[in-house]
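The structure under discussion appears below in the form of C-alpha cells.
Any read-out appearing in this document is the output of simple, stated calculations on the displayed coordinates, not a laboratory observation. Since this is a predicted model, take the numbers as computed values, not measurements. Cβ placement follows ideal geometry from the backbone for every residue including glycine, while neighbour counts extend to all protein chains displayed.
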C-alpha cells in the first residue's frame, strides 16, 4: 500500500503520447497519417492489456478486493447465522471481559490527570535507613513505593512545612511546587451537614497544576497566610449533585466542623480527584488548618512530617538532574543542626516519582487483584479464540468445495487466505463492538461493588475513552488474526481435483494437519479452563475460610455506628463526652430489639487498629510488648460476647476514677506473651517506656481478631474509654439494620445535631474488609464457568464433528456386528484422551503459577491438593458429558441409514 | 502478443528489460517511446521492446524509486512523460550490469567454442 497513486487518465495520456511519437516516426518513413497511426497502435501491442497491467499494480485494485472480500464475507456470514451468532457472542464475551477489566485499570492507574503537561508532575518520597527523629509523622496512603512500616528502611511521602518552603525555592529545576494533605470534615452549606473528604492545600496548588475555577476563583497565595479570611473552594461534583448547580452559593458562608468559611469558587468539571477514585469535595488553604483543627501540626516545625509535596519540573530539566539537586539540599538540611531529622549514616534520600496519573493509593490497593483478573480474562479470551478457531476449522472443511471452485477459477492462494482473514476480522470486529457494550455494563457494576465495599467513598470514572477503545480495537484485531490465521492457511491449501469430485453435501476429507490443529486447540482449551478454575477454586476457598474464620466473638446481630458530636456546636470535653457516651448507651440499651449496648474508641474488624507498648514495671525496655489496644465502654465484653477467662471486666466505677494504676483487661495472647504461664491478675504494667505504674491487670478475656479477620490474633489490651468520638456496638435480637431508624431517633433525642455515621452491621463490616478477595473470587468463578462452558462446547464440537464424518464407517462397523459400547468408545475416545492431556497440562501449569496468588490466599496453600483434585474431577465430568452426548448419537446410528448415507 | 511482422527479432530474457531501460536512461531523461526506440536502435534492431510490457516495467521501476517521471515537451514539441535515472537507479544499474556480465561470461564459457562455429 505504499505505491504512489497515479491516475488512470495520466497513464492514458502517456500511452496517447507514445502513439503520437510512434506514428510520427512512421510518417517520416512515408506512411499516410492514417496508416501511420494504425501501425503505431499495432506496434504498441495490446493497449487494453497494458492498461490492465497498470490497474493491477495500482492502489484501486487493493481497495476493490478488500471491498469485495468484505461484501462476500458479510454475505457468507449472513448465510450461516448460527455459526455467526455463536462466534460473535463468544468473542464479545471474551473481548468485553477484557475491555471491562482494562477500563478499570485505565481508570485507576493509567489515565493522566486532566491538567496541562501532566508529565512534568513529580511526587516526592523519601527513604532512609532509620526512623526519622520526629515530633509528628504521618504515613500517607498512595505513596508510589508504599509507605514502609519496617523500621529497617522507613519511607514516606510526608514532609515538613519548612522543607516544603526550601523545595519551593529551587526555582532553577522546578517551575512550581505545591503541598497538600487530605482531611475529612463535617461540612454544612445551607441545608444538611455531611461528612466530606477534602484537602488542605498550599497557596500555589491550583496555579501550579494549571487549574481554573468554573465559577469564582481558586485559592491563591494570599489565602494561604495565617490571619487571612477563611475561604473554601467546592468541587464541581458537590456543587452539581448537592447544591443543584446554584451559582448564588458563591460568597455564601459554609461551616467546616462548625467554623465559618466563605465560598469563593467552584473547580472546573474535570478538575482531578487527585488520587484517582478517591473524591475530594472541598479545598481549604493550608493556613486554615489551625482554625479547623487546634491540634494541627506546626508550620514552623521541621520535625513534623505532614505534607505531600508535588513539584512541576521545568520543561528542560530531567528527572535525574532535579533529583540530584534536590538531594544535595535535602541531605544537608536534614542531617545537620540540633533538630536534624536523620543521622548522617542514615543515608536519607528523596526520589521523584512520576505523578502524571496522580497519587497511587487505589493503584497500590487494587493493583494485585486487577492484574490477577486481567490475566484471567486474557486466558478467557484465548479460550474464546480457540473456540472460534475450532468452529472456523470445522466450517472450512465444510467449505473446501467452495475454496476448490474459487481456486479452479483462478483465485490465487493469497487471495483466498485474504478472504478468510477478512471474514475472521469481520467476526472479531462485530465481537469487539458488542464487547464494548458488555464492558460498559460490567465495569459499571464492578465499580458499584467496589464502592459499596470501601470505607472511603470511591469515585471511579470508568467511562469508555480512546484508550479503552484503542485497547478493544487492538485486541479485536489481534484476536481476529489469531483465530483466523491457522484456519485460513489450512482452508486455502486445497487439492482441487479430488475435492471437486466429492458429491454435494459431503464434508471434505479431513487432513491430518487440520485434525492435529483441532486437537491442539481442544487440549489448550482444557488446560486454560483448568488454570482459571484452579484460581477460582483457591480464591473461593479463601473467601469461605475467611467467612468461617473465628473472630473470637459472635459477629452476627451487631449494629456498629459512630456518633459525631462536633456538628452540634457543644463544647465537649472528655468528661462531658464520657457522660454523653453513657447516656447514649443507656438509651440504646432500652430500645426494643436491643439486648445490650456498648461503645469503644473504634470499631473492630474494619481494617484499622490502635496500639501501644506495655512492659512489666522495672523490666528492661527490651522485654516491652507491642500490643493492639482498644479502649472500650462499660459492658463491652458482654455485648460483643467475648468470653471472660479470669478476673473481672470493667464496672461503671472504673470509668469514674482516674487514680493510677488504671484497670486494664488483656487477652490470652497478651498474657502468654508477657507472663508466660504465670497468673496475670493483679500485675502492674507500664506503658510506652514510662516508669510509673500505669495499669493493673483486672481480667483476662478470650482471644479475638481485631484489625481484620485475615490477621493472626495479636496480644490485645482493653482499657476504659472515657472520651468523646465513639463507635457504638449494639447486640440486637433480629436483623441489626432494621433498627437503624429507631437508633437514629434515640440519637436525635439526646441532641438533634448529633450525626449518626458509618452505620453497618458487624458482619457487613467484616465482609467489607475481605471484599478484594470476594470480588476476585466471584469474578474468577464467573470467568471459570464461562471457560468451562467454552471448553466443553469445544469438546462437544470435536466429537460431534468426528461422528458426522464417520457416520458411514460407524454404519459399516455396526453392520459387521460391533457392540454399541464399542462404538461409543470409538467416537468418544479422542475427546477423552485430549481432555486427559489437557487436564494434566493445566494442572502442571497451575502448580507453577498459583504461587503468584499467595498474597491473596487465606487458609489454603497455592498448590492445595484438594482444590487441584476436585477441579480435575469437575472438569473431567463436564468434559466426559460433552463427549458423551454426541457419541451417544453415534451409538444410535441405524446401520441401514448410515450405509445409504452416500 | 506483438503483432509486429516477424522479423526474426530476439526475444528479451525475463528481467532484462528493466536493466536495458536503466541503461538507456544513463544518457539523460527520455520518454517511453524514445526508450523503446533507443533500445531497438542500439541493439542494431536485434531487440524489439514490446510496448505493452514497457509501460508496466516503467511503472515498476518508478515504484521502486529507481527512476522518476515528469511531464515535459519532446523534440518535436509534443507532450510526453520523461523518465530519468535516480541515484538509487544508478546504483541498481551498476549492480545489475555486473551481474549480467558475470552471467553472460559464465554461459559463454560453458557454451564454449562449438557455439562459435555455428
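Here are the numbers for this structure:
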{"quantity": "Using alpha-carbon coordinates, inclination of helix A:59-79 to the longest axis of chain A, degrees", "calculated": "80"}
{"quantity": "For the range A:558-767: span of alpha carbons on each principal axis (Å, largest first)", "calculated": "52, 36, 26"}
{"quantity": "Ranked B:51, A:21, A:808, A:295, criterion: other C-beta atoms within 10 Å, fewest first", "calculated": "A:295, A:808, A:21, B:51"}
{"quantity": "Residue A:877 paired with residue A:316, simple spin-label distance in nm, labels 7 Å along Cα-to-beta-carbon", "calculated": "7.3"}
{"quantity": "Bins of 20 Å from zero: percent of alpha-carbon pairs in the protein assembly as shown", "calculated": "10, 26, 27, 21, 11, 4, 1"}
{"quantity": "Compactness of the range A:782-835 - radius of gyration and Dmax, Cα, Å", "calculated": "13.9, 47"}
{"quantity": "Computed [θ] at 222 nm, helices only, for chain A once each DSSP H run of length n ≥ 4 contributes -39500 (n - 2.57)", "calculated": "-16500 deg cm²/dmol"}
{"quantity": "Taking the range B:16-111 and dividing mean pair separation by its residue count, relative contact order in percent (alpha carbons under 8 Å, at least six apart)", "calculated": "31"}
{"quantity": "Relative pair counts by distance (%), Cα atoms of the range B:16-111, 10 Å bins", "calculated": "15, 45, 31, 7, 2"}
{"quantity": "The range A:184-221 versus the range A:747-785: alpha-carbon centroid distance in Å", "calculated": "29"}
{"quantity": "With Cα atoms, 0 to 90° folded angle of helix A:8-28 axis to chain A main axis", "calculated": "30"}
{"quantity": "The range A:225-271: relative contact order in percent, alpha carbon pairs under 8 Å with at least 6 residues between", "calculated": "47"}
{"quantity": "Degrees, to the nearest 10: A:33-44 long Cα axis against longest axis of chain A", "calculated": "60"}
{"quantity": "Gyration tensor (alpha-carbon) shape descriptor, the range A:599-653, a/c threshold 1.5", "calculated": "oblate"}
{"quantity": "P(r) of the range A:538-646 over all Cα-Cα pairs, binned every 5 Å from zero, in whole percent", "calculated": "2, 8, 14, 17, 17, 15, 12, 8, 5, 2, 0"}
{"quantity": "Taking A:465, A:281 and counting other C-beta atoms within 10 Å, the order from fewest to most", "calculated": "A:465, A:281"}
{"quantity": "Fewest-first ranking of A:392, A:814, using other Cβ atoms within 10 Å as the exposure measure", "calculated": "A:814, A:392"}
{"quantity": "Averaged over B:24-34, number of beta-carbon atoms from partner chains that fall within 10 Å", "calculated": "2"}
{"quantity": "DSSP beta bridge pairing in chain A, given as percent antiparallel to the nearest 5", "calculated": "80"}
{"quantity": "Mean separation of Cα contacts under 8 Å, 6 or more apart, over the residue count of chain A: relative contact order %", "calculated": "14"}
